[in-house]
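Here the structure is laid out as structure tokens; the discussion comes afterwards.
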Amino acid sequence: MENPKNSNNKSNNRKWKFSKFTTILAGALFFINPSWTNAQDISISNQTKTKVEVSTSTILDRLNQKVWISLPAEYNNKILDFVQNDTIMRTRSATDYTEEFIIKEMKKDRWINKQNQLLFIWSKIYGWISQKKLYNRLDDENESRSTEYKKSLRQIATCYEGYKKWFKTYMDIKSAEAKQEAIQSISNSLGWIIIFYNSYKKNIDVVKQNEIDEAKKLAKNIITQCKKYWIDYRAILLKEVWDEKKVDEILKFYGVE
């Protein structure tokens, strides 16, 4: 006779596996909607950081190290808040592109003070994305800087148009990559639908109803995404199980068809 203790252990192991499975399936579903503007790039809450940690984790500090120039103090805090909290600028894709662009622009000799050059570049980026003004020549008490701004208006405009054009192209590429990643993730998630179904059929008495409900909910979301991206989920499932009748059974179990 089987030792009751061993029997309980097997039952517990099965339960643990299903619990682990639903967690993995939920994780797989998370990758269905990747986005360059989403939380993948948001830093942990500032409340858990010291001021030093916040400062040294931004694009500003990386630029300071690479171009050896910092923004004037009166503008630095506004840009720091911008890169940390703006929906677009706090994403990795946007900051990577912006950092690369600024480094390239700062290598150009505009025949003006380099700190002013950095400020003028940031001013246009800030203005375009936030729709707010960073630098206003008419309010600037620094006459030398105001004069250089007026002197370099054409160059500033060229830089501004270049940033917008490059930004759009760069983000279009990132968006296409994200879409392809989403399609691959969705396709991979279909495998978990099969795994859960097969495990359920082998352990009907072990699986809890709330686990089944959760799996069905996730499966429906996956199939919805398949339809959104024109993914032939039936063909993918059939390729895995090699039985159209079983495909019908699986989809019926999850209530998606």
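Computed from the coordinates by the stated procedures, all read-outs in this text should not be read as laboratory data. In this text the structure is predicted, and so the values were computed from the model without any measurement. Glycine also receives a Cβ, built like all others from the backbone with ideal geometry; neighbour counts cover every protein chain displayed.
Odds and ends about this structure:
- Length gained when the stretch D96-Y229 is fully extended (0.36 nm per residue, less Cα-Cα span): 45.1 nm
- Region 60-105 versus region 123-151: alpha-carbon centroid distance in Å: 16
- Paramagnetic reach from W128 in region 167-185 [backbone N under 17 Å; point 7 Å along Cα→Cβ]: 167-175
- Toward the positive end of the charge dipole of region 207-248, with +1 on the Cβ of Lys and Arg and -1 on the Cβ of Asp and Glu, the farthest Cα among A219, W242, W230 is that of W230.
- Scaled against the 2.2 N^0.38 Å expected of a compact globular protein of N residues, the Cα radius of gyration of region 39-175 reads 1.05.
- Low-density loop cleavage sites - chymotrypsin sites (Phe, Trp or Tyr not before Pro) in region 97-149, where at most 12 other Cβ are within 10 Å (DSSP): W111
- Sites S144 and N76, calculated FRET efficiency, Cβ-Cβ separation with R0 22 Å, nearest 0.05: 0.70
- Annotation note: trypsin sites (Lys or Arg not before Pro) in region 102-134 located in DSSP loop regions with a Cβ neighbour count of at most 15 within 10 Å are K107, K108, K132, K133.
- Check: region 56-125 dipole with +1 on Lys, Arg Cβ and -1 on Asp, Glu Cβ, in debye: 200
- Sparsely packed loop sites in region 141-235 (the trypsin sites (Lys or Arg not before Pro) outside DSSP H, G, I, E and B with at most 14 other Cβ atoms within 10 Å) comprise K208.
- One chain, two ends: K245 and S175. Fully extended at 0.36 nm per residue, the span grows by 21.4 nm beyond their Cα-Cα distance.
- Listed residue (N76, Q115, I173) projecting farthest to the positive dipole end of region 39-175, Cβ model: I173
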